[in-house]
Each structure stands twice: as C-alpha cells, then as structure tokens.
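S.K.: Before we start, here is the structure in question, set down as structure tokens.
The values are calculated or read from the model by the stated rules, or taken from the named source; none is laboratory data. Keep in mind it's a predicted model, so treat the numbers as computed, not measured. Reconstructed Cβ throughout: ideal geometry from the backbone, glycine too, with neighbour counts over all protein chains shown. For accessibility, only protein heavy atoms count, side chains too; no ligands or nucleic acids. Shrake-Rupley method; radii C 1.70, N 1.55, O 1.52, S 1.80 Å.
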Amino acid sequence: MTPRARTNQLIYQAELLITTPVADDEDATPRKMALEESALALMELALESHLKEVTEHARLAEHRWPLLLAADGPAVAELQRLRDLAGDGDSWLGWLVFQLDRLHSNEGAAKRPVHNPSMIALGSQVAFADELLLCIKNAKAEIAALRETSEEW
C-alpha cells in the first residue's frame, strides 16, 4: 500500500469510528469516549502517513509528527506549510496537535459530559465528535491541496 492510500484509509477509518452510533445504555459514555479517542489516534497515524507521503522526495529517515513539525524540523516546503498550520490554534492542524498532546497525557482527549443541573449550559459548547469531524473535513481539503502541490514538483 502506498503512503497516499494508507493516509486515505486511516482518515476513512477515523470517520467510521467517530460516526458510529452508540447505544444508550450504562456503558454509552465510556464507549463514546473510546470511539472518540480511537478516531483521534487514527488521525495521528493518518498525519504521520501524510507526512511520509509529502516528504517522499526528501527521503527522510523519520516521520513522527512531533519531529517533522517542530520549529527546527527539516527544511521542506510542505512541512513549513504544515508547521504554520500547526502553530495556528484555530486551524484544523493546531486543534489536532493540541488534542494529540491531550491524548498522550493522563487527562486524555475525550470529554466526559457534564451533568450538573445547577449549571447553566453554554450554547457554544461543541461535542468532541463534531470538532473531530470538522478537523477531518478540513484535513482532507488541506491534504488534497498539498498533494496537488507535490504533483506539480
């Protein structure tokens, strides 16, 4: 399988997981959190696969995203474009990197719903699954653009 095909496969699998319906039973919340974190982990694998894909011409020995997206990472145009995105907390990649850091922490990334009747719900709270789906959608658009740029070279 090519890095491009693997990237596509991992993104598709992440979408499948995050859109999997969860039965409303006593295990609904932990099951939903497990699906969310699993989909996020697949997006981490997809990110690394994509990095491998867009840097094939550079013949890099390492493809882990923390190394390639670091400020002192390899001087490759595609990586600089992604570094800029990763540094923007409002971008899909900035959000993803933040969530991946949380995923690898003791805290984890999935959010447990707050059920406190004395608290007023905030209308701006977005479900983690919805945030991840938006991230995936934006990632797919950026990946397509980077692939187009790579093909021009």
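S.K.: Using unit Cβ charges (K, R positive; D, E negative) and no other charged atoms, how large, in debye to the nearest 20, is the dipole of the stretch 1-118 about its Cα centre?
M.R.: It comes to approximately 260 debye.
S.K.: While we're here: Could you tell me which helices of the chain pass both thresholds, a Cα extent of 20 Å or more along their own axis and a mean Kyte-Doolittle hydropathy of at least -0.5, with helices taken as whole DSSP H runs?
M.R.: Span-like helices here: 3-18, 28-54, 128-152.
S.K.: Per residue of the chain, what 222 nm ellipticity follows from adding -39500 (n - 2.57) for every DSSP H run with n ≥ 4, rounded to the nearest 500?
M.R.: Taking each H run of at least 4 residues, the total per residue is -20500 deg cm²/dmol.
S.K.: For the chain, take the convex hull of the Cα atoms, compute a quarter of its surface area, and give me that in nm², please.
M.R.: Mean shadow area of the hull around the Cα atoms is 10.7 nm².
S.K.: Could you list the trypsin sites (Lys or Arg not before Pro) in the stretch 6-102 that lie in coil according to DSSP, counting only those with at most 15 other Cβ atoms within 10 Å of their Cβ?
M.R.: Answer by residue number: Arg59, Arg64.
S.K.: Hey, if you put +1 on the Cβ of every Lys and Arg and -1 on every Asp and Glu Cβ in the stretch 3-152, which of Ala61, Leu45, Leu85 ends up farthest toward the positive end of that dipole?
M.R.: The Cα lying farthest towards the positive end belongs to Ala61.
S.K.: If you count only protein heavy atoms and use a 1.4 Å probe, how large is the accessible surface of Asp24, to the nearest 10 Å²?
M.R.: 150 Å²
S.K.: While we're on this one: For labels at Asp130 and Lys111 in the simple 7 Å Cα→Cβ model, what's the distance in nm?
M.R.: It works out to 0.9 nm between the two label points.
S.K.: Straight-line reach from Lys52: which lysines fall under 30 Å, measuring Cα to Cα and dropping same-chain residues less than 8 apart?
M.R.: Lys137, Lys140
S.K.: Right, here's the next one. With the other protein chains left in place, how much accessible area per residue, in square angstrom, belongs to the stretch 2-115 at a 1.4 angstrom probe?
M.R.: 56 Å²
S.K.: Out of the total accessible area of the chain (probe 1.4 Å, heavy atoms of protein only), what percent is carbon and sulfur?
M.R.: 55 percent
S.K.: While we're on this one: Residue separation times 0.36 nm, minus the C-alpha to C-alpha distance between Tyr12 and His57: what's the value?
M.R.: 13.7 nm
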